[in-house]
Amino acid sequence: MEILERIKKVIVMFSFNGISVAFAESCTGGYICHMFTNISGASNVFERGIICYSNQSKIDLLNVDIKSIEQYGAVSEIVAKELAFNVRILSNVDIGIGITGIAGPTGGTPEKPVGLVFIAYSTEKDTQVDKHQFHVDRITFKKKVLEEILVFLENIEI
């Protein structure tokens, strides 16, 4: 199914069930929000998206603990969790999604290679993090992240 059709189905499902969502995007730079807002009716479920590309923006806009960034790095499970949880709480939504990774083609290290991404999902029940490694170009990386988010949203039980 085409990606926009999948997003539309999620928006319709969330609208019907009164579910709201907010995104904290780092490495995807607003791509996820852009794709959601391409669909009419997105405003029924999409509360906000925050692009927190720099470490300082993660701290200033989303209250990520500076110690988490210093100890684990911006691209880490703990920072992804903080992004998702904090965007959910600050936005007063049902689902907060936090994304942090290395889109490439530069910026990777042996410990954190290009294509690494942590996607965190926060609901009232819990906050979980999925780790992925995509060996693709920068634009395809963003598309792969969106696909993973859609799989989660299409199957969520709230």
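The values are calculated or read from the model by the stated rules, or taken from the named source; none is laboratory data. Since this is a predicted model, take the numbers as computed values, not measurements. Virtual Cβ from ideal backbone geometry, glycine too; neighbours counted across all protein chains shown.
May I ask you to list the residues in segment 125-146 that are part of a helix (DSSP H, G or I) and under 11 Å from the mean Cα position of the chain (by Cα)? If you could, list the steps in order and put the result at the bottom.
Our first condition is that a residue be part of a helix (DSSP H, G or I); within segment 125-146, this holds for 138-146.
Scanning segment 125-146 gives Lys142, Val145, Leu146.
Please return the ranges of helices (runs of 4 or more DSSP H) entirely within segment 24-111 where 2 or more residues are in contact (Cβ under 8 Å) with a residue 60 or more places away in the chain, closer than 20 Å to Phe152 by Cβ and touching a Gly at 6+ places or on another chain (Cβ under 9 Å).
Numbers: elements: 31-36, 55-62, 66-72, 77-91.
By residue number, 77-91.
For residues in segment 105-124 being modelled with pLDDT of 95 or more and loosely packed, with under 15 Cβ neighbours inside 10 Å, which is nearest to the chain's Cα centre (by Cα)?
If we take residues in segment 105-124 being modelled with pLDDT of 95 or more and loosely packed, with under 15 Cβ neighbours inside 10 Å, then Glu124 is nearest to the chain's Cα centre (by Cα).
Quick check: is even one residue across segment 139-148 within 30 Å of Lys8 (Cα to Cα) and touching a helix residue (DSSP H, G or I) at 6+ places or on another chain (Cβ under 6 Å)?
Pass one, segment 139-148, residues within 30 Å of Lys8 (Cα to Cα): 139-148.
Now restrict to residues that are touching a helix residue (DSSP H, G or I) at 6+ places or on another chain (Cβ under 6 Å): 142, 146.
There is at least one residue in segment 139-148 that is within 30 Å of Lys8 (Cα to Cα) and touching a helix residue (DSSP H, G or I) at 6+ places or on another chain (Cβ under 6 Å).
Matching residues to (1) at pLDDT below 95; (2) farther than 26 Å from Ile102 by Cα; (3) hydrophobic (A, V, I, L, M, F, W, C):
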| position | (1), (2), (3) |
| --- | --- |
| Ile19 | no, yes, yes |
| Tyr31 | no, no, no |
| Phe46 | no, no, yes |
| Ile51 | no, no, yes |
| Ser54 | no, no, no |
| Ile59 | no, no, yes |
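Of everything in segment 102-131, what is in contact with a Lys or Arg (Cβ under 7 Å, 6 or more places away or on another chain), closer than 23 Å to Ile7 by Cβ and not hydroxyl-bearing (Ser, Thr, Tyr)? Give them in sequence order.
Across segment 102-131, the qualifying residues are Ala103, Phe118, Ala120, Val129.
Look at segment 14-23 and say how many of its residues are touching a residue at least 12 places away in the same chain (Cβ under 8 Å) and in a helix (DSSP H, G or I).
So the answer is 3.
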